[in-house]
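Notes follow once the structure below has been shown.
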Amino acid sequence: MVSVSSDPVIPTALKILIAGGFGVGKTTMVGSVSEVPPLETEERMTEVSLGVDDLAGVEGKASTTVAMDFGRITIAPELVLYLFGTPGQDRFWFMWNDLATGTLAAVVLADTRRLDASFASIDFFEARDIPFAVGVNCFDGQQDCTTEQVRAALDLDASTPVILCDVRNRASSKAVLLAVLEAARAQAAARLTSLSGR
């Protein structure tokens with residue numbers, strides 16, 4: 001007779017940040033993949049934000065994240081991903097250092113109509129040596145750039161994954177998360193190799 005252990009499994013928690021410019025789809029991505037109802041800190045935009053938030057390219061946006069989004073995905077009983085969506089406006093950047101504490105890796109969402117909005121997020125993660133992947137959110141299914149064109153425009157290393165995605169789609173968002181987990185694994189393996197070669 002096979003005995004089955006009744007000891008509870010304490011899962012390893014991995015923290016992933018979902019970052020990017022204002023209105024690029026961070027809240028949508030967290031909501032599309034989370035297995036629990038996501039915690040969202042969305043607030044209605046008012047005229048107080050006029051002249052403070054740059055609405056170029058997202059003029060129709062009616063709400064904004066004012067703290068963070070939070071979701072969870074169980075990969076296996078022993079492994080859980082916690083997703084934290086960052087606020088996109090410059091005025092909330094003071095929160096990023098706290099959100100980045102303990103982060104395994106990050107996703108930088110990009111909009112090809114406003115690629116310049118991605119640079120601050122990329123610089124943030126590169127400066128902290130946090131592995132990241134770029135998810136190019138193809139709004140309305142339009143793929144007007146290739147991944148190599150985006151890589152060149154953002155001046156990314158060849159090791160940084162760039163994935164075309166639709167963050168409204170769960171499978172598409174999961175593909176981006178799998179890419180960033182692989183990037184984190186590859187970076188960790190490279191560090192181990194480097195240390196063992198000393």
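In the range 114-133, is there at least one residue being polar (S, T, N, Q) and either assigned to a loop (DSSP other than H, G, I, E, B) or over 16 Å from ILE18 (Cβ atoms) (or both)? No, the range 114-133 contains no residue that is polar (S, T, N, Q) and either assigned to a loop (DSSP other than H, G, I, E, B) or over 16 Å from ILE18 (Cβ atoms) (or both). Residues of the range 1-48 that are among the charged types (D, E, K, R), at pLDDT 90 or above and in a helix (DSSP H, G or I): LYS26 alone.
Go through the residues of the range 187-198 one by one and say whether even a single one is without any contact (Cβ under 8 Å) to a residue 40 or more places away in the chain, surrounded by fewer than 18 Cβ atoms within 10 Å (Cβ to Cβ) and in a loop (DSSP other than H, G, I, E, B). Yes; the residues of the range 187-198 include at least one that is without any contact (Cβ under 8 Å) to a residue 40 or more places away in the chain, surrounded by fewer than 18 Cβ atoms within 10 Å (Cβ to Cβ) and in a loop (DSSP other than H, G, I, E, B).
Taking the range 156-178 as the region of interest, how many residues are among the aliphatic types (A, V, I, L, M) and more than 18 Å from SER118 (Cα to Cα)? Total meeting the criteria: 3. With respect to the conditions (1) farther than 20 Å from ALA175 by Cα; (2) in contact (Cβ under 8 Å) with a residue 60 or more places away in the chain, ASP111 lacks only one, and its number is (1).
Here the condition is being in contact with a Pro (Cβ under 8 Å, 6 or more places away or on another chain), surrounded by 15 or more Cβ atoms within 10 Å (Cβ to Cβ) and modelled with pLDDT under 95; of VAL134, VAL80, it holds for VAL80 alone. Picking from residues in the range 149-173 that are in a helix (DSSP H, G or I), in contact with a strand residue (DSSP E or B) (Cβ under 8 Å, 6 or more places away or on another chain) and not aliphatic (A, V, I, L, M), the one that is surrounded by the most Cβ atoms within 10 Å (Cβ to Cβ) is SER173.
Identify the residue in the range 101-113 that is β-branched (Val, Ile, Thr) and in a loop (DSSP other than H, G, I, E, B) and, among all such residues, is surrounded by the fewest Cβ atoms within 10 Å (Cβ to Cβ).
THR101
The values are calculated or read from the model by the stated rules, or taken from the named source; none is laboratory data. Computed from a prediction, not measured in an experiment: that's the story for all the values here. Glycine gets a Cβ as well: all are built from the backbone with ideal geometry, and neighbour counts include every protein chain shown.
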